[in-house]
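Data block below; observations after.
The values are calculated or read from the model by the stated rules, or taken from the named source; none is laboratory data. Since the model is a prediction, treat every value here as computed from it, not as a measurement. Methodologically, a virtual Cβ is constructed for each residue, glycine included, from the backbone with ideal geometry; neighbour enumeration extends over all protein chains shown. For accessibility, only protein heavy atoms count, side chains too; no ligands or nucleic acids. Shrake-Rupley method; radii C 1.70, N 1.55, O 1.52, S 1.80 Å.
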Amino acid sequence: MADLNDPARLAELRGAMLRTEADALLDACVARAARLARAPIALVSLVVRHIQLLRAHHGLPLELAVSCATSRSNSFCQLVVRDEAPLLVEDALRDERVPKELVEHYGIRAYAGVPVRVRGHAIGSLCVLDVVPRRFDPRAVDGLEQLAIEVAGRLSDLVERDAPLGSADVQERLVRIEQATRVLERALLALAPVIAAVESPARPGGPSVDAMHATPSTLVTLASLRAAVGCWRDVGSVAEELCAEAAAVASSAPAASRLAEAARALARGLAEVGPLVRLAEGVLEGTLDEAAAERGRALVLRGALDAHEAASAAVSEIRAGVLRARAATSGSGGAPAPSSSP
């Protein structure tokens, strides 16, 4: 039985794996999975620390297609990763193994999922879901396992094909990392209003988004929400560059290994905040009505709150790691580069 929070497993969830833009090969895999199992829904699900990230999907309700996530604790896929084995559910309403939130919200009644493995670690699953109780043909399950190998290969390729870094000495990279942490600190502060705005209406009896914004005394305005959403759109590329720089530093300076670990933790945290921001974006742009957004928020809010806190802590750890690495490498790499101003 695998530990879902095993650092080695989580470390494999990185880079382009955690993006949410459509990928033609992954989309083809989930479409084939749906046809193979004759199921209306198919997913590539990556099981992160707080959420399951829906990296590719077919047939999802709109709000889940927008958020690309549910809470990990609500997911069936967590059981596939935990047990590192296929999971077949013929009637989710009667199966005591599975959480009931997706059953109650979306009428999911049957499920078949197989592990997606990268370098020996189960990082997620390829799964199909149906809204009626049913059995899955063993040949279909075998086919899903073959498709899961293709999915794992594609996810690994996406990470490996990220643009290579140019040459620069360690001290220069550390300065760039420190600059990026300052940007990210400001970005995380800007994202806080998005979380605050949806935390209140997500509680039973909480005000609607419109009612909350209509209150003159509120600290959260539509303008600040739009600014935060725009900020989040930009922050992903900054975090990716930071992770790449940190990995390059760690490869040439053993003293910076913890810096790379903290950078990967930051990237995961930002990926897990993303679903909540995408739902807020959907409401602001009119893609989602409030009822649909509410269903989506209920599945990701707790994870987003935890992930925002984890991402903020990771930025602080990166800042401290930069100081340690600069001190440790200044003797061999020349005088420390001056710190940039905020």
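What order do you get for 273-280, 101-108, 58-65 when each peptide is scored by the mean count of other beta carbon atoms within 10 Å, highest first? The partial results should precede the final answer.
Details: 273-280: 27.5, 101-108: 17.1, 58-65: 19.1.
Packing order, densest peptide first, comes out as 273-280, 58-65, 101-108.
Just the number, please: carbon plus sulfur as a percent of the accessible area of the stretch 17-61, 1.4 Å probe, no ligands or DNA/RNA counted.
Accessible surface attributable to carbon and sulfur in the stretch 17-61 totals 54 percent.
What is the distance in Å between the Cα centroid of the stretch 125-156 and that of the stretch 249-281?
Centre-to-centre (Cα) distance: 29 Å.
Is the shape of the stretch 220-312 rounded, prolate or oblate, going by the alpha carbon gyration tensor and its root eigenvalues a ≥ b ≥ c, with a/c under 1.5 for rounded and a/b larger than b/c for prolate? Display every interim value, and only then the final one.
Details: a/c = 3.46, a/b = 2.32, b/c = 1.49.
Prolate is the answer for the stretch 220-312, as a/c is 1.5 or above and a/b outweighs b/c.
Order 135-144, 297-306 from most to least packed using the mean count of other Cβ atoms within 10 Å. Mind dumping the intermediate values first?
Values: 135-144: 15.3, 297-306: 21.8.
In descending order of packing, they fall as 297-306, 135-144.
Relative contact order for the stretch 1-53: what is it in percent, counting Cα pairs under 8 Å that are at least 6 residues apart? Working shown, then result.
Working: 24 pairs, mean separation 20.6, N = 53.
About 39 percent, as a whole number.
On the accessible surface of the stretch 68-145, probed at 1.4 Å, how many percent belong to carbon and sulfur atoms? Provide the component values of the computation, followed by the final result.
Numbers: 1580 of 3400 Å².
Percent of accessible area from carbon and sulfur atoms in the stretch 68-145: 46.
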